[in-house]
Structure formats: C-alpha cells, structure tokens
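What follows draws every value from the coordinates through simple rules; no lab data is involved. Every value quoted in this text rests on a predicted model; they were computed, and no experiment measured them. All Cβ positions, glycine included, derive from the backbone under ideal geometry; neighbour counts span all protein chains shown.
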Amino acid sequence: MLNYAVRRLLSAIPTLFVIITLAFFMMRLAPGGPFDREKQLPPEIEANILRAYNLDKPLYEQYVDYLTNIVRGDFGPSYKYLDFTVTDLIMTGFPVSLRLGLYAIVIAVLFGVAAGTVAALNQNSTFDYLVMGFAMTGIVIPNFVMAPLLALVFGVYLSLLPVAGWGGGKLQYQILPVITLALPQIAYIARLTRGSMVEVMNSNFIRTARAKGLAERIVVVRHALRGGLLPVVSYLGPATAAVITGSVVIESIFDVPGIGRYFVNGALNRDYPVVMGVVIFYAVLIILLNLLVDLLYGFLDPRVKVE
Amino acid sequence: MSDAAISRSGSGRKPILSVRGLKVYFPIVIGGLIRKTVPLKAVDEVSFDLYPGETLGVVGESGCGKSTLARGILQLLQPTSGSVVWLGDHIEGLPAAGMKKYREDMQIIFQDPLASLNPRMTIGDIIAEPLTVHRPELSSEERKQQVREIMEQVGLLPLMINRYPHEFSGGQCQRIGVARAMILRPKLIVCDEPVSALDVSIQAQIINLIKGLQDSFGLSLIFISHDLSIVRHISHRIMVLYLGNMMEMADKRILYEHPRHPYTRALISAVPLPDPELEKNKKRLVLEGDLPSPLSPPSGCVFRTRCPLAQDICAREKPTMTVVSATHQVACHFWQKS
C-alpha cells in the first residue's frame with residue numbers, strides 16, 4: 001500500500017512538469033504584460049522594472065529559472081501585491097477556501113447520499129421524482145445565477161443573512177457561500193447515488209441478504225451502500241479539489257478572501273507567478289485527492305487490488 | 001384439488017409446509033397512449049404439501065414460474081393470493097420483520113453462485129452473517145468456529161475464510177452458498193436451480209453434497225431444475241409446471257415410468273439416454289409450437305395449444321388436479337387415455 005502510494009507520487013512528477021510547462025508558456029502567449037498601464041511608462045523606468053523581475057531575459061532562460069526556483073520551493077514574488085510572495089498569498093487565501101469547501105463537501109455528501117438512497121429505495125415514487133427534479137434544477141442553474149438569487153432572498157428580502165463580505169469569518173457570513181457551493185454538488189451526488197443504488201439493490205447478493213433474514217436497514221447499509229457509493233467516491237476526488245480551491249465566481253460575488261479571488265485577479269493583471277503558483281497548487285491537490293480516492297477504492301472494493 | 005386429495009399423498013405424516021392455491025401475479029403495464037395493467041400469471045393455483053426429510057422436485061421449461069414459486073414460498077416475493085403454512089403458521093404476506101423468525105428454518109440456494117455473494121465481503125463474513133442475525137448471543141470466536149466447521153462439511157478449506165468470492169471457482173462459490181444456507185441448521189432448503197450454472201462434473205459434486213447434508217440433518221428440500229435427470233436423481237416426488245400451472249405431481253418412479261400428462265410424457269421423452277442403441281430407437285414426442293405468452297395464456301387448459309390430445313373441451317374448461325392414485329395427481333381431461 002505504502003509502496004503503491006510512493007510509486008504513484010513519483011509518477012506524478014512528469015505530469016506536474018507537463019502542467020507547469022504548458023501553463024508557463026500559455027500565460028506568456030496571452031497579450032499584454034504585468035506592468036502595462038493606460039499611460040505608457042517612460043522606457044527607462046519600464047526597463048528597470050523588467051530587469052528587477054528578470055523579465056528582460058529570453059523566455060527560455062526565464063523558464064529554466066522558474067523551474068529551478070520551484071524545485072527550491074520558491075514560487076516567486078507577486079507582481080501586483082507588492083511585498084507579498086506567492087506562497088504568502090496562497091497561505092492567506094487557502095485556509096478560507098478550504099474551510100468553505102470542506103463545509104460544502106460534507107453537506108453535499110450527507111444530503112446527496114441520503115436523498116439519492118431514499119430515492120433509489122422508493123424508485124419511481126413521488127419522492128423519487130421530487131428529488132430527481134430538484135437535482136436536475138440544481139445542476140442546471142449556474143452558480144452565478146444561484147449566488148445573487150440567494151443573496152437577494154436571504155440578504156435583502158428576508159434580511160436574515162449578510163449579502164456579502166467575510167466579517168472575519170463569522171458563521172453567518174459563511175452560510176450563503178457554502179450553500180451556493182454545495183447545491184450543485186448535492187444534486188450531482190444524489191443522482192449518482194440513486195443510479196448506482198438502483199443497480200445494486202437489484203443484484204442477486206441483495207436477494208441473498210434478504211433471504212438470510214436481515215433487517216432491510218442492514219441490507220441497505222451493510223450490503224448495498226458500500227458498493228453503491230463507489231461512483232460517488234470516485235467523483236469526490238476531483239470534486240473536493242475543485243470545491244476547496246475556491247470557486248472563482250462565488251468568492252467574487254460574496255467577496256470572500258479565498259484563493260479563487262487571487263487567481264482571477266492574477267490572471268487579469270498578468271501576475272504570472274501568482275497564476276503559476278495557484279495552477280501548481282491546484283494540480284498537486286488533484287493528484288493527491290485522486291490518489292486518496294484510489295486507496296479508498298481498494299478498501300471499499302476488495303476486487304480492486306492497489307498493487 | 002381438494003385438501004383430502006393432497007394430504008392423501010402424505011401417508012399420515014404431518015407436513016412441515018403446506019401451500020394452497022398459491023398465485024404470484026406481476027402487474028405489467030402495456031400500451032403507449034391508452035395504458036392498462038395486465039397481470040402476468042407467473043404462478044397460478046399451485047398447491048402441495050412437503051413432508052419432513054422429503055425432496056420435492058420442481059421441473060418445467062424456462063419461464064414456467066419455477067423460481068417465482070420458490071420466492072413466493074419464501075416470501076421473497078409477495079404472493080397475490082393463496083396460503084403458505086409453515087408448521088401450522090400462516091406466513092404468506094408477512095413483512096420482513098415478521099418473517100425473520102421463520103428465515104432460520106427455511107433457506108434458499110440461488111442459481112448464480114457468484115452473483116449471489118456480496119463481492120465486498122469475505123466468505124467468512126458471508127457465511128457468518130445469518131448467525132449474527134439469528135444467534136446474537138454467540139461470541140465472535142464461537143461464530144468463527146461454526147463457520148470453520150460448516151466450511152469443512154461442504155468441502156471448503158477453513159483457511160480460505162478470509163478470501164473474497166471472486167477468488168473462488170463457480171463450484172466453490174456454490175459450496176459457499178450451501179454453507180451459508182446450512183449454517184443455521186434449517187429444516188427446509190429451497191434449491192433454485194443450484195447447479196444449472198456449473199460444469200457437469202461439478203454439478204454431480206454439488207448435488208451429492210446437498211444430498212449428503214440432507215441425509216445427515218433430515219432436511220426437506222424443494223429442488224428446482226430444468227434438468228430431468230438431476231431431478232430424478234435427487235427427488236422423492238416431482239411436480240411438473242407449465243406456464244405457472246401444475247400439470248402433474250407424483251412419486252418419482254411413477255412419474256418417470258407411468259406419466260399421465262402429455263406434457264410430462266413429452267418432457268421425459270426428451271431426456272437423452274446414455275445407451276446409444278436405446279437412444280437411436282427411442283420414440284420422441286416433439287411438442288409443436290412455442291410457449292404461449294404468459295400475459296395472454298390460452299383459455300381452458302394452458303397446455304392445449306401444444307397438446308397432441310387437445311379437444312374442444314380443453315379450450316372451454318380448465319382441468320383440475322385429479323387423483324390418479326394416492327401418490328399421483330394430474331391436471332388433464334384425457335389422462336385416462338394414456
């Protein structure tokens with residue numbers, strides 16, 4: 001198992017290298033630069049700034065420099081947020097995104113699995129259609145529609161919750177972003193769970209479990225859910241990575257100081273090191289979470305040998 | 001068939017299982033715009049008694065309701081009507097919780113050995129699970145001990161206890177199924193085509209295993225199969241089903257040597273004989289046509305569309321089970337003709 005994990009991590013290095021290379025050159029292909037202003041800077045000042053950040057060197061030299069710095073663990077300074085390194089920015093933004101994301105994913109799993117399971121056990125009942133209808137709506141409505149709608153209803157009309165802001169991380173400021181993050185995930189997980197549970201509940205070994213005289217609750221929890229949750233587990237890897245690295249849209253609308261906001265601003269300002277840093281961070285997270293999912297798979301399904 | 005007729009076949013012993021007029025219908029929705037629900041009569045008016053230590057064979061073509069009958073008896077499917085009496089208690093229509101105390105007495109062995117085992121549990125856990133439900137007072141050590149004993153009895157090595165179902169062959173999986181069914185020492189085991197998915201050599205092993213266990217523990221068996229040779233080997237009495245209806249029921253020897261129903265005769269004539277000379281000269285009764293749809297079964301006798309003896313009366317009147325002898329009943333208007 002440990003052996004397997006180490007081998008998987010080593011094999012991630014080439015993947016990461018390709019991602020870094022692609023991201024680096026695509027960023028540089030985008031027109032404009034980090035220090036372009038409406039008003040043209042005097043040429044000698046611009047040359048000074050470029051020299052300070054080594055942007056005057058040929059591109060391949062910059063690329064080699066960047067790679068060497070990354071290996072040393074140095075992600076460089078931000079061009080926009082002066083006096084901040086990229087590592088500083090990620091360290092301040094990530095805990096906020098992580099907290100919202102973890103809340104959202106826990107809520108999504110609890111509600112999604114519960115709703116999907118009950119829907120599967122009452123296949124084609126009114127409850128089933130209600131859950132699936134809700135799920136379809138949840139998947140279809142984009143978060144940039146859902147977020148202002150929720151803010152309007154709960155913030156403006158009902159005045160129950162703050163419309164936006166962070167308030168130093170007080171609970172009431174987190175509710176709406178978490179709900180907006182969780183809704184489509186609940187919907188997707190509910191559909192996944194229902195689909196695979198319907199299939200598992202019709203399999204022969206469930207009939208065997210009933211013939212043993214097990215209570216229906218035990219048939220569902222012990223025999224069906226373990227198999228029925230496999231697709232949900234494999235979905236959770238990338239989903240968790242996406243949710244905890246912060247939704248660009250949701251963090252902008254609710255003005256949450258998470259990592260997603262730095263990513264957007266970084267891209268808009270051509271703040272190369274910030275964008276690169278976040279991309280690498282995101283890639284590493286996805287690789288780690290996928291590894292975790294594969295290890296979990298071996299635990300949930302003995303036929304999958306992690307060797 | 002009258003109650004007296006059924007009990008007469010039992011020669012005075014008390015049956016452990018009495019089934020009367022058992023019907024299992026499935027509602028099928030047909031039609032696009034104008035929908036209507038039509039009952040699919042999977043099992044129609046089946047009645048029989050089962051005695052302690054006896055094996056009742058159930059034969060018939062695919063789709064004639066054999067497996068549905070098994071599940072209707074064990075309440076894995078809700079019967080539409082009729083009664084199932086287990087040692088004096090009516091169990092038809094009981095919910096899962098009410099069935100629990102009967103489940104330890106009546107177990108089932110399924111057709112597909114591998115698919116019937118939860119792929120995510122070790123076989124030790126699979127075999128032990130009935131004990132955890134029905135004998136919660138046992139310690140986990142005692143439970144393990146019983147699992148090892150039953151594994152040995154069915155010909156599995158106890159050291160395989162921590163393996164998963166996919167690591168076993170089909171025959172071994174069916175041995176696991178037998179062990180799981182046997183661990184509570186039930187009084188009845190319904191074998192729903194237990195060997196149809198196995199190689200012939202393995203079939204014999206499993207059949208003899210089941211037969212051996214029956215001799216050791218005095219089990220009653222309901223043995224379902226479409227293989228007449230196997231049923232003949234293991235059964236005391238045999239029931240012939242066609243489109244969910246009983247055609248004939250008799251002691252094994254009588255049924256094979258003096259079948260009364262034209263369907264039974266056709267089935268028996270189709271069994272290949274091991275002697276090539278006899279096989280070459282055998283007269284085969286070949287049935288014309290296909291099995292009618294159980295959604296719209298023929299009026300009167302369901303077999304009449306393929307019956308060589310069919311007359312007008314067969315379309316008008318459904319034949320009832322008639323007593324030929326104490327151990328022989330048949331549902332045919334013309335049983336005396338043969």
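For region B:116-126, backbone phi angles converted through the Karplus equation (6.51, -1.76, 1.60; θ = phi - 60°) give residue-by-residue couplings of 7, 10, 5, x, 9, 10, 6, 5, x, 5, 4 Hz, Gly and Pro being listed as x. Taking every DSSP helix (H) stretch of at least 4 residues in chain B, weighting each as -39,500 (n - 2.57) and dividing the sum by the residue count yields a mean residue ellipticity at 222 nm of -9500 deg cm²/dmol. Residues whose amide H comes within less than 5 Å of that of B:Y242, counting only those at least five positions distant or on another chain, are B:M247 (H built at 1.01 Å from N in the peptide plane). The Rg/Rh ratio for region B:143-272, using Cα coordinates for both the radius of gyration and the Kirkwood hydrodynamic radius, is 1.03.
With N set to the residue count of chain B, report its C-alpha Rg divided by 2.2 N^0.38 Å to two decimal places. Mind dumping the intermediate values first?
Numbers: Rg = 21.0 Å, N = 338, 2.2 N^0.38 = 20.1 Å.
That ratio works out to 1.05.
In region A:95-260, Cα pairs under 8 Å separated by at least six residues give a relative contact order of 38 percent. Couplings for region A:120-135, taken from phi via the Karplus curve 6.51 cos²θ - 1.76 cosθ + 1.60 with θ = phi - 60°, read 5, 6, 10, 3, 6, 8, 4, 4, 4, 5, 4, 4, 5, x, 4, 4 Hz in order; Gly and Pro are left as x.
For peptide B:288-300, compute the average count of partner chain beta-carbon atoms within 10 Å of each residue's beta-carbon.
Per-residue shielding by partner chains comes out at 0.
Working ranking of peptides A:90-96, A:13-19, A:128-134, B:56-62 by packing, defined as the average number of other Cβ atoms within 10 Å per residue, highest first, is B:56-62, A:90-96, A:128-134, A:13-19.
Couplings 3J(HN,Hα) for region B:155-162, derived from phi with the Karplus relation 6.51 cos²θ - 1.76 cosθ + 1.60 (θ = phi - 60°), are x, 10, 6, x, 6, 7, 4, 9 Hz, where x marks Gly and Pro. Modelled spin-label separation between A:V264 and B:Q336, with each label point placed 7 Å from Cα along the Cα-to-Cβ direction: 9.4 nm.
Comparing B:P186, B:P297, B:P27 in a Gaussian network model of chain B, where Cα atoms under 10 Å apart are tied by springs, the biggest mean-square fluctuation is seen for B:P27. Packing-based ranking of A:154-164, B:262-272 yields B:262-272, A:154-164, ordered from highest to lowest mean Cβ neighbour count within 10 Å. Averaging Cα coordinates gives a centre for region A:78-124 and one for region A:216-267; these two points are 6 Å apart. The calculated P(r) of chain A, using every Cα pair and 10 Å bins from 0, goes 6, 21, 25, 23, 15, 7, 2, 1, 0 in percent.
Packing-based ranking of A:66-78, A:187-199 yields A:187-199, A:66-78, ordered from highest to lowest mean Cβ neighbour count within 10 Å. In chain A, helices alone account for a calculated mean residue ellipticity at 222 nm of -23000 deg cm²/dmol, with every DSSP H run of four or more residues adding -39,500 (n - 2.57).
For region B:282-314 and region B:15-90, what is the centre-to-centre distance using only Cα atoms, to the nearest Å? So the two Cα centres are separated by 22 Å. Each residue of region A:95-260 gets 118 Å³ once the volume of the Cα convex hull is shared out per residue.
The fewest-to-most ranking of A:D88, B:D112 by surrounding Cβ atoms within 10 Å reads A:D88, B:D112. Note the angle between two axes, namely the Cα long axis of helix B:140-153 and the longest principal axis of the Cα atoms of chain B, as a number of degrees from 0 to 90, rounded to the nearest 10. That helix lies at roughly 50 degrees to the long axis. Within the same chain, lysines fewer than 8 places from B:K36 are excluded, and of the rest, those with a Cα less than 29 Å from its Cα are B:K23, B:K66, B:K318.
Here the label points at B:Q145 and A:Y4, each 7 Å from Cα along the C-beta direction, are separated by 3.6 nm in the simple model. All Cα-Cα distances of the protein assembly as shown, cut into 10 Å bins from zero to the largest, leave 3, 12, 18, 17, 14, 11, 9, 8, 5, 2, 1, 0 percent in each bin in turn.
Amide H to amide H, with H built 1.01 Å from N, A:T85 comes under 5 Å of A:S78, counting only residues 5 or more places away or on other chains.
Structure note, pairs B:K144/B:K187; B:K283/B:K337; B:K41/B:K252; B:K41/B:K101: Cα-Cα distances above 20 angstrom occur for B:K144/B:K187; B:K41/B:K252; B:K41/B:K101. Counted residue by residue at 0.36 nm each, then reduced by the alpha carbon distance between them, the extension gain from A:K170 to A:A114 reaches 17.3 nm. For B:V58, the amide hydrogen comes within under 5 Å of the amide hydrogens of B:F223, B:I224, B:S225, B:M239, counting only partners 5 or more places away or on other chains and with H modelled in the peptide plane.
Mean per-residue shielding of peptide B:116-124 is 5, counting Cβ atoms of other chains within 10 Å of each Cβ.
Region B:173-191 to region A:160-215: how many Å between their Cα centroids? Result: 38 Å between the Cα centres.
Seen through its C-alpha gyration tensor, with square-root eigenvalues sorted a ≥ b ≥ c, region B:224-281 comes out prolate because a/c lies at 1.5 or above while a/b is bigger than b/c.
Shielding of peptide B:73-83 by partners, expressed as the average count of other chain Cβ atoms within 10 Å per residue Cβ, is 1.
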